[in-house]
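S.K.: To start, I am sharing the structure in question, which I have written as structure tokens.
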Amino acid sequence: MTAFRDFNFKLLVVEKLMYWDATLSPAFSLKQHMRARGIEDLDAYVQKNELEYTVLDEARTYFEDLEIPAQLLATVEELTFDGGHQVFMECAPVWDGEDDLFDVGCLDDLDLLPNLNLFTGGRELEHMLPGALEILAARGIAAR
């Protein structure tokens, strides 16, 4: 099993493979998952339990346990950081993007993506992780 060190970096990879490329399936739907538990109004559940600024345990467990084969990771040539990612909404359905909930904490997982050549959202990444652009450049990964 491929082990990611940074949960939020893994979410960027999941976004690309599951929601953009549809090569990692089935696509996770927190709404469907919670509906199966008898929770029909996800937003009300989140607000009632004061979970607005957290990754819901159900989503965290799913994505932490999600295995991504190395051959699929090798298909990732570009990653994007954008606050509007579907995977973020599946983790924290009422998240407003105004905090550091999904900030990447380290780039150790770049080793898992041998064909990555472009990171879009470099300015945001540098803000989260000073020195990130230098790390990308040293690996031959362009940033924009």
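S.K.: Can you tell me which residue is nearest to Ile68 (Cα to Cα) among those in segment 125-135 that are more than 18 Å from the chain's Cα centre (by Cα) and not in a loop (DSSP other than H, G, I, E, B)?
M.R.: Ile135
S.K.: Within segment 58-70, identify whether any single residue is in contact with a Cys (Cβ under 8 Å, 6 or more places away or on another chain) and open to solvent by 60 Å² or more (accessible area, probe 1.4 Å), and answer yes or no. Write out each step before concluding.
M.R.: From segment 58-70, those in contact with a Cys (Cβ under 8 Å, 6 or more places away or on another chain) are 59-60, 63; that's our starting set.
After this cut, where a residue has to be open to solvent by 60 Å² or more (accessible area, probe 1.4 Å) as well, the list is 60.
So far as segment 58-70 goes, yes, one or more of its residues are in contact with a Cys (Cβ under 8 Å, 6 or more places away or on another chain) and open to solvent by 60 Å² or more (accessible area, probe 1.4 Å).
S.K.: Tell me which residues, restricted to segment 40-96, are basic (Lys, Arg) and in contact (Cβ under 8 Å) with a residue 24 or more places away in the chain.
M.R.: Arg60
S.K.: Further question on the same structure: Whether any residue in segment 125-142 is crowded, with 16+ Cβ neighbours inside 10 Å, modelled with pLDDT of 95 or more, among the hydrophobic types (A, V, I, L, M, F, W, C) and under 15 Å from Met18 (Cβ atoms) is what I want to check.
M.R.: no
S.K.: Quick one: Glu15 ticks every box in (1) of a type outside the set (A, V, I, L, M, F, W, C); (2) in contact with a strand residue (DSSP E or B) (Cβ under 9 Å, 6 or more places away or on another chain); (3) not in a helix (DSSP H, G or I) except a single one, so which number is it?
M.R.: (3)
S.K.: Please work out which residue is most open to solvent (accessible area, probe 1.4 Å), limiting yourself to segment 71-92 and to residues that are of a type in the set (D, E, K, R) and at pLDDT 95 or above. Full working, then the answer.
M.R.: In the first step, residues of segment 71-92 are kept if they are of a type in the set (D, E, K, R); the result is 77-78, 82, 90.
Those still in the list that are at pLDDT 95 or above too: 77-78, 90.
Details: Glu77: 101, Glu78: 57, Glu90: 22 Å².
Result: Glu77.
S.K.: How many residues are open to solvent by 70 Å² or more (accessible area, probe 1.4 Å), modelled with pLDDT under 95 and of a type outside the set (Lys, Arg) when one looks only at segment 101-123?
M.R.: 0
S.K.: Pull up segment 1-52, narrow it to residues that are in contact with an Asp or Glu (Cβ under 6 Å, 6 or more places away or on another chain) and open to solvent by 50 Å² or more (accessible area, probe 1.4 Å), then point me to the one that is nearest to Gly105 (Cα to Cα).
M.R.: Only one residue tops the list, namely Arg5.
S.K.: When Leu107 is evaluated against the numbered criteria (1) within 11 Å of the chain's Cα centre (by Cα); (2) of a type in the set (A, V, I, L, M); (3) closer than 22 Å to Gly131 by Cα, which criterion, by number, is the only one it fails?
M.R.: Of the numbered conditions (1) within 11 Å of the chain's Cα centre (by Cα); (2) of a type in the set (A, V, I, L, M); (3) closer than 22 Å to Gly131 by Cα, the odd one out for Leu107 is (1).
S.K.: Ok, one more. Yes or no: Gln86 of a type in the set (S, T, N, Q), under 19 Å from Thr23 (Cα atoms) and in contact with a helix residue (DSSP H, G or I) (Cβ under 8 Å, 6 or more places away or on another chain)?
M.R.: So Gln86 fits the description; yes.
S.K.: With the requirement that a residue be without any contact (Cβ under 8 Å) to a residue 24 or more places away in the chain and in a helix (DSSP H, G or I), what does segment 18-36 give you?
M.R.: Answer for segment 18-36, where residues must be without any contact (Cβ under 8 Å) to a residue 24 or more places away in the chain and in a helix (DSSP H, G or I): Trp20, Gln32, Arg35, Ala36.
The values are calculated or read from the model by the stated rules, or taken from the named source; none is laboratory data. Computed from a predicted structure; not experimentally measured. For neighbour counting, all protein chains shown are included, and Cβ atoms are generated from backbone atoms with ideal geometry for every residue, glycine included. Heads up: the accessible areas ignore ligands, DNA and RNA and are worked out on the full protein's heavy atoms, side chains in. Shrake-Rupley method; radii C 1.70, N 1.55, O 1.52, S 1.80 Å.
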